[in-house]
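**Q** I have a structure I would like to understand better, so I am pasting it below and will then ask my questions one at a time.
Quick note: the coordinates plus some simple rules give every number you see, no bench work behind them. Predicted model only: the values in this text are computed from it and were never measured. No Cβ is skipped: glycine too gets one built from the backbone with ideal geometry, and neighbour counts run over all protein chains shown.
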Amino acid sequence: MTEKFQIQNLIEQSQTRTVHRVRGTDGTILRLTRILLDEDEREQLKRSQNLRGALAELKALRHSSLAEVLDCGLDEKGIPWVMSRWEKGKLVSEVKIEEQEIQTVSKYANRLLNDFGRMAGVVNFDTAEIFFSGENRESCVFQIDYFRWFSDIASGISPGMNYDAKEQVRQLLASLAIKQLKLPKKKEINPIPFVDERSPALRINEPVREPWFGRLLIWLCLIGALAAIGWLTVEGMGRVRENPRAVDWKAGESP
């Protein structure tokens with residue numbers, strides 16, 4: 001690989017991959033992705049009978065809405081690498097989302113679903129992996145999930161077969177719709193800390209308070225019960241006074 005390009009800088013480093021911006025011998029800017037599988041997965045990948053075919057399939061995978069893979073393979077340590085074109089444009093996660101952006105992403109994501117079928121499971125439908133192309137954001141380009149591709153090959157299954165691409169697209173569009181509704185808060189000199197504007201994470205940790213209405217209802221019930229007892233007592237005494245047979249009644253005598 002070192003004979004074909006020159007590394008310019010490191011763009012991303014995570015637990016699953018590293019991404020470098022590189023320059024080819026002809027001056028073309030390229031993207032180098034190295035997939036960080038664990039040692040066991042790398043051994044399984046090297047021993048896989050499907051490795052040669054999987055590499056050829058990855059290089060042959062073409063679509064107008066996919067970043068083009070130029071080359072791929074394993075280095076001397078068995079780490080998979082992929083060379084692809086450097087996509088120009090803004091990431092979906094970096095722009096303000098309006099209805100136009102949602103419609104554009106929906107159009108091209110569904111085109112991939114229709115054209116690839118179950119193979120669409122290898123596409124990365126994360127907003128941090130989708131590029132808007134053009135100043136008017138009239139189209140977008142998706143990335144292949146290379147980690148998913150090689151880890152599936154190492155596990156002996158077809159790439160992307162264990163992923164529901166339709167569900168991933170549904171979640172993608174739902175996240176964009178939520179982002180569209182998040183309006184910037186107005187800046188105030190002396191903001192009033194209304195309870196409804198506080199984070200739910202703060203409210204759930206507060207002690208539970210007994211509602212005032214519940215306490216009032218309990219007191220009203222007690223007062224009502226005492227009033228009813230008093231009324232029954234007065235009523236009973238009145239009936240005793242009105243009964244003539246109750247006069248001079250003594251214990252042991254029949255009334």
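**Q** Name every residue in region 159-174 that is surrounded by fewer than 17 Cβ atoms within 10 Å (Cβ to Cβ) and assigned to a loop (DSSP other than H, G, I, E, B), in order of residue number.
**A** Met161, Asn162, Asp164
**Q** Same structure, new question: Against the condition among the charged types (D, E, K, R) and within 28 Å of Gly24 (Cα to Cα), how does Glu87 come out, does it pass?
**A** Taking the combined requirement at face value, the residue satisfies it.
**Q** For the subset of region 108-143 comprising residues that are charged (D, E, K, R) and over 15 Å from Arg170 (Cβ atoms), which member is surrounded by the fewest Cβ atoms within 10 Å (Cβ to Cβ)?
**A** From region 108-143, those charged (D, E, K, R) are 111, 115, 118, 126, 129, 135, 137-138; that's our starting set.
Okay, now just the ones that are also over 15 Å from Arg170 (Cβ atoms), so 111, 115, 118, 129, 135, 137-138.
Working: Arg111: 15, Asp115: 13, Arg118: 14, Glu129: 18, Glu135: 8, Arg137: 18, Glu138: 11.
So the residue we want is Glu135.
**Q** If you don't mind, there's one more thing I want to ask. Considering only region 58-74, how many residues are under 15 Å from Trp86 (Cα atoms) and in a loop (DSSP other than H, G, I, E, B)?
**A** 4
**Q** Does region 21-41 include one or more residues that are under 25 Å from the mean Cα position of the chain (by Cα) and hydroxyl-bearing (Ser, Thr, Tyr)?
**A** yes
**Q** Might you let me know whether region 91-100 holds any residue that is assigned to a strand (DSSP E or B) and more than 23 Å from Gly53 (Cβ to Cβ)?
**A** The answer is yes; a qualifying residue exists.
**Q** Given the criteria assigned to a helix (DSSP H, G or I) and under 24 Å from the mean Cα position of the chain (by Cα), does Leu55 qualify? So that I can check it myself, show each step before the final result.
**A** Working: assigned to a helix (DSSP H, G or I): yes; under 24 Å from the mean Cα position of the chain (by Cα): no.
The answer is no for Leu55.
**Q** Could you grab me the full set of residues in region 58-89 that are of a type in the set (D, E, K, R), touching a residue at least 24 places away in the same chain (Cβ under 8 Å) and surrounded by fewer than 16 Cβ atoms within 10 Å (Cβ to Cβ)?
**A** Those that are of a type in the set (D, E, K, R), touching a residue at least 24 places away in the same chain (Cβ under 8 Å) and surrounded by fewer than 16 Cβ atoms within 10 Å (Cβ to Cβ): Asp75, Lys77, Arg85, Lys88.
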